[in-house]
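Working notes, beginning with the structure itself.
The values are calculated or read from the model by the stated rules, or taken from the named source; none is laboratory data. From a predicted model like this one, the values you see are computed outputs, not experimental measurements. Heads up, the Cβs are rebuilt from the backbone with ideal geometry, glycines too, and the neighbour counts pull from every protein chain shown.
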Amino acid sequence: MKLYINGETAYEGMKVKTFRGEPATLLSWYAPGTRSGGNGGRVYIEEDDGHRGEYFPSVIGGEFRSLVIGADC
């Protein structure tokens, strides 16, 4: 699965905004089902004030999409 933020392929260090409009930097993430409990995946961000946190992707306009072999989702 790949992470997309507002339709754009995500990358570490990407500048994003929270649902409140606060600027932040995407640090890392893990996809759904890769940790115990079958969760929906998470993203790790650092807000411009230095606060770091673990959130659902939707907090920064993100979503995980399944990859289709031979196509770029």
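Tabulated results
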read-out: Single condition GLY41 does not satisfy, out of (1) modelled with pLDDT of 95 or more; (2) surrounded by 16 or more Cβ atoms within 10 Å (Cβ to Cβ); (3) of a type outside the set (Asp, Glu); value: (1)
read-out: Number of the condition not met by ASP49 [criteria: (1) at pLDDT 95 or above; (2) exposed (fewer than 13 other Cβ atoms within 10 Å of the Cβ); (3) of a type outside the set (A, V, I, L, M)]; value: (1)
